[in-house]
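No value in this document is a laboratory result; all are computed from the given coordinates. In this text the structure is predicted, and so the values were computed from the model without any measurement. Here the Cβ is made from the backbone with ideal geometry for all residues, glycine too, and neighbour counts use every protein chain on show.
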Amino acid sequence: MQFERIRKSHKKKILIGGLILVCVISAITITTTRAKYKLTQDIPLVRGTINYKAYDFKIMAMYQSEDGSNYKEIENRMPASGYVINEEKSYCTLDNKNKDTNIRLYTNSNGEHIFSNLAATDKCYLYFDKYVPPITNVTELIAAVNPKTGAPTFSNIATSDEGVYKVSDPVYGGYSYYWRGAVTNNYVKFAGFCWRIVRINGDESIRLIYDGATCHANGTRTAESIAKTNIQYNTSNNKSNYAGWTYTGTSQRTLGGTASNAKTQLESWYNSNIGNNTTYSAKVADGKYCNDRNAASGYTWTINGSFFNYAGNKRLYTDYAPTLSCNSGDVYTLKVGLITADEVMYAGGKKADNNSYYLYNGQHYWTMTPSTSGDYVNVFCVNMYGYLSSYLVNDTTRGLRPVINLKADTQFQAGGNGTINSPYVVQ
């Protein structure tokens, strides 16, 4: 094979061309390398230890939260699994002052944490939330809360997040699932108000208690958590049957007759805020509410004069044994009612101060459970210290926190996780 001798001028041209080619290749290489973390390719950050040397950007700080509200700083290792990047809180800066508005920080469907559209000089701050699977219905909600079996110690108040428990539900049938303690995953937005889930009933309807026009954090003192303030349970207190949600003559119990003042006032609020809206009212179930008017063991019910304890008094003050059982003659079918004293104890209350559990709001409010009777009749309430107490039915310093039940086929908008910042939103 013969080779033609290249003249110097040709050599010079080739050399210049080669240099140009090298520059082009270098530019392409730099662009490609830049594209690794800018414009075209997302960076899936390895679960576990971050390799800071792999890229020019820097992670300045990372924070992790279990409830979407309280964050603690973590170092060196990002959460390996079960956490997602909070896209609203996480950010990067180009100069540690101005945010890089082109970047996107997120966690994909495979659980990989992704940096998209990074610049080499970015300095990033990452916030991770505990992952909660999308919940759109009651079945998914029950699965997500992972209910506990067994029973907590009801002789103790619940001041921490004790989670959700499963208990037999004789009134509805099947099992009920109740939230206990300083829980932070039971917020619901419905009908323009915020509510807290008390329990999922045995028929999978959802029992809610009113929390106000806005959602309130545990431990917050606010009268806005009561729909009606300074309401008497009943206007007279000298007959035992005034502890009834309804009452008549000298009867121990009736499901008809004269409405208590609490019933009248509560239904007025409901009709003005929910019942008059066909969209809202169609989602509210006919709930079953217990107004336990049994006398405690060893006592006899009388219309007035002779002191006696109602069954709830012994059950909750002496035995610390709440129940969802109820005499059929005391079960009201209602669109709106009140929480029972038993449900308060399930939630973490008792005859002691508790400003931590989710039912505390720094206000006095009535329950639907009679306590004692004699010359005067008393009904349980939650007082301003979160204490399960007993007051005369005609006391004028108590308020009403409406309780409703959403139907079992209730659908939630995707994305809510039940926290104060991301409540379940009823469709």
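Computed values, structure above
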{"quantity": "Listed peptides 236-247, 220-231 by packing density, highest first (mean Cβ within 10 Å)", "calculated": "236-247, 220-231"}
{"quantity": "Förster radius 51 Å - calculated FRET efficiency between Tyr106 and Asn327 (Cβ-Cβ, nearest 0.05)", "calculated": "0.40"}
{"quantity": "Surrounding net charge for Gly244, when Lys and Arg each add one and Asp and Glu each subtract one, Cβ distance under 11 Å", "calculated": "+2"}
{"quantity": "Table column - 3J(HN,Hα) (Hz), segment 393-400, Karplus curve with 6.51, -1.76, 1.60, x for Gly and Pro", "calculated": "5, 9, 5, 9, 10, 8, x, 10"}
{"quantity": "Segment 273-313: proportion of alpha-carbon pairs further apart than 12 angstrom, %", "calculated": "69 percent"}
{"quantity": "Rounded tilt (10° steps) of 8-35 against the dominant C-alpha axis of the chain", "calculated": "10 degrees"}
{"quantity": "Gained length - Ala259 relative to Glu75, 0.36 nm times residue gap less alpha-carbon distance", "calculated": "60.2 nm"}
{"quantity": "Fraction of antiparallel bridges per DSSP, the chain only, in percent to nearest 5", "calculated": "85 percent"}
{"quantity": "Label-point gap, in nm, between Ala282 and Val425 - each point 7 angstrom along Cα→Cβ", "calculated": "1.9 nm"}
{"quantity": "Packing-based ranking, highest mean first, of 94-101, 266-273, 371-378 given that Cβ atoms within 10 Å are counted", "calculated": "371-378, 266-273, 94-101"}
{"quantity": "Cross-link reach list, aspartates and glutamates versus Lys148, counting only Cα pairs under 18 Å and skipping chain neighbours closer than eight places", "calculated": "Glu140, Asp161, Glu162, Asp169, Glu204, Glu343"}
{"quantity": "Counted charge near Ser297, where neighbours are those whose Cβ lies closer than 11 Å (Asp, Glu -1; Lys, Arg +1)", "calculated": "+1"}
{"quantity": "Rg and Dmax [Cα atoms of segment 183-240; Å; Rg one decimal, Dmax integer]", "calculated": "14.6, 42"}
{"quantity": "Gap separating the Cα centres of segment 127-141 and segment 193-211, nearest whole Å", "calculated": "17 Å"}
{"quantity": "Full-stretch length increase - Asn238, Ser155 - with 0.36 nm per residue and alpha-carbon distance subtracted", "calculated": "26.7 nm"}
{"quantity": "DSSP bridge orientation in segment 60-199 - percent antiparallel, rounded to nearest 5", "calculated": "80 percent"}
{"quantity": "Computed Rg/Rh of the chain, alpha carbon atoms with Kirkwood Rh", "calculated": "1.24"}
{"quantity": "Neighbourhood charge, 11 Å Cβ-Cβ cut-off, centred on Ser155 and excluding it, Lys, Arg +1 and Asp, Glu -1", "calculated": "+1"}
{"quantity": "Cα pair count fraction exceeding 22 Å, expressed as % - segment 118-200", "calculated": "41 percent"}
{"quantity": "222 nm mean residue ellipticity, helices alone, for the chain (DSSP H n ≥ 4; -39,500 (n - 2.57); rounded to 500)", "calculated": "-4000 deg cm²/dmol"}
{"quantity": "Set Lys166/Lys263; Lys130/Lys189; Lys72/Lys407; Lys283/Lys351; Lys239/Lys350 screened for pairs whose C-alpha atoms are more than 28 Å apart", "calculated": "Lys166/Lys263; Lys72/Lys407; Lys283/Lys351"}
